Structures are given as structure tokens and as C-alpha cells.
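The values are calculated or read from the model by the stated rules, or taken from the named source; none is laboratory data. In this text, all values refer to a predicted model and were calculated from it rather than measured experimentally. No Cβ is skipped: glycine too gets one built from the backbone with ideal geometry, and neighbour counts run over all protein chains shown. Each accessible area value is taken on the protein alone, full model and side chains, heavy atoms only, with ligands, DNA and RNA left out. Shrake-Rupley method; radii C 1.70, N 1.55, O 1.52, S 1.80 Å.
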Amino acid sequence: MRSNLKLADTTDLVTSEDELRLLEEAYCSHGDTVHYSQRPKFFESCDGSFLYDATETPFLDLQMWYSAVNFGYRNERLNIVAHRQLDRLPQVASQYLHREKVELAAMIAKDAEQKFGTKGRVHFNVGGSQAVEDSLKIVRNYCEGKSLMFAFEGGYHGRTLGATSITSSYRYRRRYGHFGERAQFIEFPYHFRGPKGMSKEEYGHYCVQKFARLFESEYNGVWDPKAGKSEYAAFYVEPIQGTGGYVIPPMNFFTELKKVLDDHGILLVVDEIQMGVYRTGKLWSIEHFGVSPDVLVFGKAITNGLNPLSGIWAKEEMINPTIFPPGSTHSTFASNPMGTSVALETLKMVSENDFGDSVMVKGAHFLEGLKDLQSQHTIIGDVDGLGLALRMEICKPDGFTPDKATLDWMSDEGMKGDLVVDGKKYGLVLDVGGYHKNVITLAPNLMISHEEIELAISLLGQLLARAERR
């Protein structure tokens, strides 16, 4: 029987971008990130490292959907798997099993056991914030209801209510009432803006010692020395801060921090949602720092921005079916077969051909180009990078005072699509982050060519020159 229900169809009436903007203004929520610019760009197609507008102008994307499309737009190998799954088993309720879920979980868990020295299990969800929520349940359950967490200044873990409580920015909490279980935020070793006269390693040690002081006596407020127990359950960390501005800590920092946590029975939860899946040249960015997490949260790039999939790896004692039984958490689309099939192929792909080494070589090339730009432009205060997670901090001409206004202008200028290299017009897609929103957080396609890296440096140079002339 044919339904009598008819939805108002405006498709045939829309003939121009201006008309689309009128519809968007009237009917689309602005509650997401889309209106950080007054006039967001419309894109029509994409391929590799580029987005294309209606005029087919190529826009070199240096943020790749917030590091979700690590392996390039329309990656042929991953798209083939998605199409194949769409034709075979695109949907199945999560109370049943499918091959790709089991194989993917086993691959992640076996890899973690080899790297971290302990057996664990994998639990899936849809988005990064939802996986963080699930991790909070796992932690609170394992720690017998302890609900207080440590997290870092500058840290970002999502915008659901639970994830917001451990995200340092008050602006994400301000309109939603009191957060009685808000995390206690600890200083992160952001060396460029840290105390002068300290090396990066000395500053990392200083930050750990400041944190350790909380456990000196009961009067510091978090530790009962008689019982040997902390009021706090876990410390949520991004090994490299994402929205905080791609801040890379010294290599000694996490080993020293982990010792304090272990001495006081506090879990280490590692958020790899933005830096995982080879953004830094390793599957998980925590691998650079020589410590093993108790819980690891992942998402974004594991499906290259195709069907959303996120998840958690946790130690066996925290997540086995006896302690975390069926129904402990649920999402209708968790472990969906479209997502798990693409994620499984993603992990197979990066296990081939020294993928991590390639990322490190390209990252070194890109960072060298950024340092060269820094030597030419006084408004660049700092550049740094690990693999293809790179940062450029835009400052006043003194090279230190944050200059958010100039970076906002540069971001809008890049979206005009009128930068010229070798007689061809390009646009440039940038992402803004940092404590003062003055940092270009660079997350290019991990399969970017060396020629495209040179193009990126040239386009950034043009933008910087325009900014200094304005």
C-alpha cells in the first residue's frame, strides 16, 4: 500500500547557492560548528587531499575533517570495501554478531596485548564522545562508583554531558547547569607558553611534580594516606593535545606521570580519537611515550570518515563480561557492519609497506617547511610536529602575544580560492585551535605527496604574506 504521507519537497525549487543559504538560515541548527565563519563554504566534491567547490577550484585540505579522513578523500581501497559491504550486509542489530566486528576487535586487542603487555577487550560505539561516555562507565564501575577524574588544561574529550565534564573549556558547560563531577584540571607542559628558562624536559618534570604535590598529605584534598586511597578514579589524557593546539609534550612527561598514577591507584585513560590511527606515525600516539594505558579510546580516522565507528580497548579485569555484562551500555548503531568492515580494511592497509615510516618522513619534510616559513615571518611564534600532527602558532609581530584575529582572517582568506601557484588558483582549508585560538592545527592527508607538501608550504606562505601586509 502506498503511503499518503508527502513531505514538502524543496529540491526542485533550489537552483542557486544563495537560495540554499536562505534555506539553511531558516531551517538548520547553528548549534554545531558550521557557523564559526559567517558565510561557510559550500563544497561539491572531493578527492585525495582536495575539496572542490562549484567552480571546481581545488582547496588543499590541511585539516581533513578534524583528522577523521587520514587516508584521503574517496580512498579507493576503503571505498571499495564500503560498497561491497553495502551490497552484502549493511545493517544488522547489535544483539547479533557479524564477522567484521569480531575480526576487528581481535586485531585491535591482539595488537594492544603485544604493545602494552596485557590482555584486553574492545567495545564499540559510534562517535568519539559516545566512546568517552562508555569509558567513564567502565572506569566508574571498576572503581566502585568513584566519579571524579583528573584531566588536562587544554584537553578536549567531546561535548556530550559526561565528556564535557572532563573537557577543560568552560564555554562548553556554561549553558547547561552545574557540573558537580567536573574534572580537576592539571597543567599540561605547553612549553612555548611555559615558564622561561626551563628546557622542555625540565618543564615536563615540573608539571609532574606539581601534580604529585596533591598526594603529599590529606590536606591537599585528594588523598587519604591512612587508607592509601585517592578520591579520583582516573586521569584522562590526550598524549598530544588536539583542540588545545597540537601541543606535544616532552618525551619524559608521561613516564613520570604514570609513576605517580600507579603509586596512588589512579587509572590512565588515553584519548586517541584525534591522534590515533597513524596521525603521529604510530597506530596510537601514546606509543611514542613509553607507557601503557588502562583504557584507550579511539574513533574518527579508523573508518577514514566513512560510516562512523568509535570504541574502547580496556584491560581484561575492567571489561570482562563478569564485571561489565551485557547491557552495561548500548547504542543502536554500535559495531555497525559498514563501520567495522571499513575499519578492518583500514588496519590491514596501514600494516603494509612501512606506513608509519612514510608518515614520519613526510612529517619531517612538512615541519622543515614550517620552520623555513617561521624564519621569514615574524608573526609565527612557534612551530612543532610529530609525524603529520603539526602546529603553527600565529602571534603579534613580537612573536609571542597570541593573535586570534589574524588567524581568523587567514582562515577566511584561504577560503576565497584565489591563491595562485604556477598559474593555477587554489583555496586552503585550515583548522583553528589552541588555548588562545591562535594555532593552525595541521592534520593533512597521511597519503599526501611530497609535491603537495611543497604546495601547502607555498600557499601558507602566501597567506602569511597577505596577513602581514593587511
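Of all residues in segment 137-161, those that are assigned to a helix (DSSP H, G or I) and open to solvent by less than 20 Å² (accessible area, probe 1.4 Å) total 2. Only residues that are in contact with a Pro (Cβ under 9 Å, 6 or more places away or on another chain), of a type outside the set (Gly, Ala, Ser) and loosely packed, with under 15 Cβ neighbours inside 10 Å were counted in segment 217-241, giving 1. In segment 94-121, what residues are of a type in the set (Val, Ile, Thr) and either out of contact with any Lys or Arg (no Cβ under 9 Å at 6 or more places or on another chain) or crowded, with 22+ Cβ neighbours inside 10 Å (or both)? Passing the criteria: Val102, Ile108. Screening segment 400-445 for strands (runs of 3 or more DSSP E) wholly inside it with 1 or more residues that are open to solvent by 10 Å² or more (accessible area, probe 1.4 Å), in contact with a strand residue (DSSP E or B) (Cβ under 7 Å, 6 or more places away or on another chain) and touching a residue at least 24 places away in the same chain (Cβ under 8 Å) returns the ranges 424-429. Checked against (1) in a helix (DSSP H, G or I); (2) buried (at least 17 other Cβ atoms within 10 Å of the Cβ), Val291 passes all but a single condition, namely (1). Considering segment 322-364, and only residues there that are among the aromatic types (Phe, Trp, Tyr) and over 16 Å from Leu89 (Cα atoms), the residue that is surrounded by the fewest Cβ atoms within 10 Å (Cβ to Cβ) turns out to be Phe355. Go over the candidates Glu187, Glu201 one by one and state the one that is in contact with a Cys (Cβ under 7 Å, 6 or more places away or on another chain) and open to solvent by 20 Å² or more (accessible area, probe 1.4 Å). Matching residue, one of Glu187, Glu201: Glu187.
Here's the yes/no breakdown for (1) open to solvent by less than 90 Å² (accessible area, probe 1.4 Å); (2) farther than 24 Å from Leu419 by Cβ:
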| position | (1), (2) |
| --- | --- |
| Tyr36 | no, no |
| Phe42 | yes, no |
| Gln63 | yes, no |
| Asn75 | yes, yes |
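Of the residues making up segment 262-275, those that are in contact with a Ser or Thr (Cβ under 9 Å, 6 or more places away or on another chain) and either assigned to a helix (DSSP H, G or I) or not polar (S, T, N, Q) (or both) are His264, Gly265, Ile266, Leu268, Val269, Val270, Asp271, Glu272, Ile273, Met275. Of the residues making up segment 314-353, those that are free of Cβ contacts under 8 Å to residues at least 40 places away in the same chain and more than 23 Å from the chain's Cα centre (by Cα) are Pro321, Thr322, Pro325, Pro326, Gly327, Glu352, Asn353.
Taking residues in segment 209-234 that are on the phi > 0 side of the Ramachandran plot, and partners anywhere that are surrounded by 10 or more Cβ atoms within 10 Å (Cβ to Cβ) and part of a helix (DSSP H, G or I), the pairs with Cβ atoms closer than 8 Å and at least 6 places apart or on different chains are Gly221/Leu214. Between Val277, Val237, Val295, the distinction of being touching a strand residue (DSSP E or B) at 6+ places or on another chain (Cβ under 9 Å), at pLDDT 95 or above and more than 30 Å from Pro90 (Cα to Cα) belongs to Val237 only. Scan segment 166-201 residue by residue and report those that are among the basic types (Lys, Arg) and without any contact (Cβ under 8 Å) to a residue 12 or more places away in the chain. Those that are among the basic types (Lys, Arg) and without any contact (Cβ under 8 Å) to a residue 12 or more places away in the chain: Arg171, Arg173, Arg174, Arg175, Lys196. Considering every residue within segment 123-132, establish whether at least one is free of Cβ contacts under 8 Å to residues at least 40 places away in the same chain, out of contact with any Phe, Trp or Tyr (no Cβ under 7 Å at 6 or more places or on another chain) and under 19 Å from Ala334 (Cα atoms). Looking for residues that are free of Cβ contacts under 8 Å to residues at least 40 places away in the same chain, out of contact with any Phe, Trp or Tyr (no Cβ under 7 Å at 6 or more places or on another chain) and under 19 Å from Ala334 (Cα atoms), one finds at least one in segment 123-132, hence yes.
Would you mind stating whether Thr118 is without any contact (Cβ under 8 Å) to a residue 24 or more places away in the chain, β-branched (Val, Ile, Thr), closer than 25 Å to Lys282 by Cβ and not in a helix (DSSP H, G or I)? Answer is no for this residue. Residues that are of a type in the set (Gly, Ala, Ser) and under 14 Å from Leu296 (Cα atoms) within segment 88-116 comprise Ala105, Ala109, Ala112, listed in sequence order.
The set of residues in segment 52-61 being in a strand (DSSP E or B) and either open to solvent by 20 Å² or more (accessible area, probe 1.4 Å) or over 11 Å from Gly427 (Cβ atoms) (or both) consists of Tyr52 alone.
The rows are residues; the columns are (1) touching a helix residue (DSSP H, G or I) at 6+ places or on another chain (Cβ under 8 Å); (2) touching a residue at least 12 places away in the same chain (Cβ under 8 Å); (3) surrounded by fewer than 17 Cβ atoms within 10 Å (Cβ to Cβ); (4) farther than 30 Å from Gln241 by Cβ.
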residue: Ser45; (1), (2), (3), (4): no, no, yes, yes
residue: Phe50; (1), (2), (3), (4): no, yes, no, no
residue: Arg88; (1), (2), (3), (4): no, no, yes, yes
residue: Val92; (1), (2), (3), (4): yes, yes, yes, yes
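Name the one entry in Gly276, Gly311, Gly299 that is free of Cβ contacts under 8 Å to residues at least 60 places away in the same chain, closer than 30 Å to Arg84 by Cβ and open to solvent by less than 10 Å² (accessible area, probe 1.4 Å). When all the criteria are applied, what remains is Gly276.
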